[in-house]
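The values are calculated or read from the model by the stated rules, or taken from the named source; none is laboratory data. Remember, it's a predicted structure, so these values are computed and weren't measured experimentally. Cβ placement follows ideal geometry from the backbone for every residue including glycine, while neighbour counts extend to all protein chains displayed. Side chains included, ligands, DNA and RNA excluded: accessible areas come from the protein's heavy atoms. Shrake-Rupley method; radii C 1.70, N 1.55, O 1.52, S 1.80 Å.
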Amino acid sequence: KDTFDLLEQIETELMEQINEVLTHHPALELVAKPSLALSELYPLVQENADIISILIGENGDLHFVNRMKQAVYDKCLRDWLDIKCPGDPDSLGAYSAFIVSGCFGAVQYWLENGMKETPQQMAALTEEFILKGIRVLEQA
């Protein structure tokens, strides 16, 4: 039981830190520049890379992953999409699932490949993916 209590405590502390970052910028700011939040999230991931790698990895804690995804959606993405897609509620769920899953995929990629890029580089890259989608590849 002590191991599970410790894990729950670690997860709770991480979620508090993530929520703090996600609520730091209003949605209107994030519409133009998602990297404002991302540039704070990636260093947090880097500082906690060992535990986050375990929690979101292949054999990780799905409950924690889902809590993180829901926090990203609740704290910033819902308002962001309401601004970007007013009057189109049917698309909001699909857009949010796509963006949140893509962001998590970028974090997993970064962790699994040894964090070769700086947190700032990953924030900028993730912002490009969010704002430009597949058009980012046309620039390569």
Arrange the residues H63, H25 by how much accessible surface each exposes, largest first, with a 1.4 angstrom probe.
-> H63, H25
May I ask for the Kirkwood hydrodynamic radius of the stretch 1-75, worked out over all distinct Cα pairs and given in angstroms to one decimal?
-> 13.2 Å
To the nearest 10 degrees, how steeply does helix 2-22 sit against the main Cα axis of the chain, on a 0 to 90 scale?
-> 30 degrees
Cα-derived Rg to Rh of the stretch 16-58, Kirkwood definition = 1.05
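Suppose only helical runs count, i.e. DSSP H with n ≥ 4. What mean residue ellipticity at 222 nm does that imply for the chain under -39500 (n - 2.57) per run, divided by all residues and rounded to the nearest 500 deg cm²/dmol? Each step should come with its number before you reach the end.
Values: 8 runs with 104 residues, N = 140.
For the chain, the value works out to -23500 deg cm²/dmol.
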Can you list the HN-Hα couplings for the stretch 111-116, worked out from phi with the Karplus curve (6.51, -1.76, 1.60; θ = phi - 60°), rounded to whole Hz and with x for Gly and Pro?
-> 5, 5, 9, x, 6, 5
Mind sorting out which of (i) 43, 34, 28; (ii) 48, 33, 25; (iii) 47, 41, 25 is the real Cα extents along the principal axes in Å computed from the coordinates?
-> (ii)
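As a test of reading the structure, rank V100, V72 by solvent-accessible area (1.4 Å probe, protein chains only), most first. Intermediate results must be reported in sequence, preceding the final value.
Working: V100 10, V72 35 Å².
Ranked list, largest accessible area first: V72, V100.
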At a 1.4 Å probe radius, which order do L41, L131, L55, L6 fall into by accessible area, largest first?
-> L6, L131, L41, L55
Nearest-0.05 FRET efficiency for S53 and D5 at R0 = 30 Å, using Cβ-Cβ distance, is 0.90
Counting alpha carbon pairs within less than 8 Å and at least 6 residues apart, what relative contact order, in whole percent, applies to the chain?
-> 30 percent
